[in-house]
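Step one of this worksheet: look at the structure below.
The values are calculated or read from the model by the stated rules, or taken from the named source; none is laboratory data. Nothing here was measured: the structure is a model prediction, and the numbers come from that model. Please note: Cβ atoms are built from the backbone with ideal geometry, for glycine as well, and neighbour counts cover all protein chains shown.
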Amino acid sequence: MTITCYLYKIPFQNPFKTGKNIYKYREGIILELKKEGITAYGEAAPLPGFSSYSLNEVLTQLKEFQSEFKQLFQNRNPREVAVDFYHKNTIKPSLQFALDTLITDWMSQKHGQSLADFLFENHNNYININGVVGSSAGIIEMLDKSAVFDQPRFYDYSEI
């Protein structure tokens with residue numbers, strides 16, 4: 001079994017502007033687990049200004065608890081063990097998400113199911129979305145570029 005950590009820094013095509021910050025890139029960590037012929041992934045990507053902690057703090061916890069994280073996968077149900085571990089060690093939420101995603105991806109593949117089938121008995125084959133739009137962007141212009149008005153369930157409320 002191996003767990004590999006990849007750091008990434010991807011520039012936005014256009015800066016993402018909020019009321020407080022301008023983001024020119026997105027950075028985070030991809031965790032890759034290889035065990036029993038299965039490759040699974042998880043991601044931690046705290047966003048400065050939204051998260052109360054930094055990517056470096058997540059990396060520090062990842063290094064500090066690396067042997068414990070590997071131990072999670074020695075258990076029959078690593079999800080149950082992980083929740084208890086998070087609470088006892090105050091694991092950062094982004095790292096919890098990365099590990100939960102990694103565990104769930106691995107377990108779903110181990111059971112020969114899609115992630116949706118593994119998590120939900122009855123699920124839709126589509127997902128309604130809610131996006132964040134930067135404060136300086138023209139919302140209608142941005143939505144026109146993304147062609148969401150051509151899809152069902154999106155309406156231009158400015159003309160009502």
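Only one of the listed residues (70, 88, 63) is modelled with pLDDT under 90, more than 19 Å from the chain's Cα centre (by Cα) and surrounded by fewer than 17 Cβ atoms within 10 Å (Cβ to Cβ). That residue is 70. Inside segment 2-39, residues that are out of contact with any Asp or Glu (no Cβ under 6 Å at 6 or more places or on another chain) and either under 12 Å from residue 102 (Cβ atoms) or polar (S, T, N, Q) (or both) make up a count of 15.
Among residues of segment 2-35 being surrounded by 10 or more Cβ atoms within 10 Å (Cβ to Cβ) and part of a loop (DSSP other than H, G, I, E, B), the one that is modelled with the lowest pLDDT is 18. Against the criterion of being of a type in the set (A, V, I, L, M), surrounded by 10 or more Cβ atoms within 10 Å (Cβ to Cβ), modelled with pLDDT under 90 and part of a helix (DSSP H, G or I), residue 137 does not qualify.
Close contacts from segment 108-129, counting a first residue that is in contact (Cβ under 8 Å) with a residue 12 or more places away in the chain and within 22 Å of residue 76 (Cβ to Cβ) and a second that is in a helix (DSSP H, G or I) and β-branched (Val, Ile, Thr), with Cβ to Cβ under 9 Å and a gap of 6+ residues or different chains, come to 118/104; 119/104.
Of all residues in segment 42-54, those being touching a Ser or Thr at 6+ places or on another chain (Cβ under 8 Å) and surrounded by 15 or more Cβ atoms within 10 Å (Cβ to Cβ) number 7.
Every condition in (1) farther than 27 Å from residue 47 by Cβ; (2) surrounded by 10 or more Cβ atoms within 10 Å (Cβ to Cβ); (3) modelled with pLDDT under 90 is met by residue 107 except one, and the failing one is (3).
The listed residues are 60, 104, and the only one of them that is among the polar types (S, T, N, Q) and farther than 30 Å from residue 17 by Cβ turns out to be 104. The set of residues from segment 43-58 being part of a strand (DSSP E or B) and modelled with pLDDT under 95 comprises 48, 51.
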